[in-house]
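Coordinate-derived values only; no laboratory data. Because the structure is predicted, anything quoted here is derived from the model rather than measured. Methodologically, a virtual Cβ is constructed for each residue, glycine included, from the backbone with ideal geometry; neighbour enumeration extends over all protein chains shown.
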């Protein structure tokens, strides 16, 4: 599946792991933790790390590379 995602997306795919604030909050002055309407599944930091390691390993198996941006 990872190889298919990478080839269909011209070598790039973005995984969003965990909950995210609404996009409007990202571009406002409002603190991110002040809003209730987060999108996605809330996960512990341990679970996020576990998922990232799995994606790293699977992507490496098909010759891909993984970059990451952390927003806490």
_Degrees separating the helix 45-61 axis from the principal Cα axis of the chain, which is the longest one_ = 30
*What's the FRET efficiency of residue 42 with residue 5 using the Cβ-Cβ distance as r and R₀ = 30 Å, to the nearest 0.05?*
0.80
*Sorted by mean Cβ packing within 10 Å, highest first, what order do the peptides 52-63, 37-48 take?*
52-63, 37-48
*Based only on Cα atoms, what Rg/Rh ratio does the chain have, Rh being taken as Kirkwood's radius?*
1.04
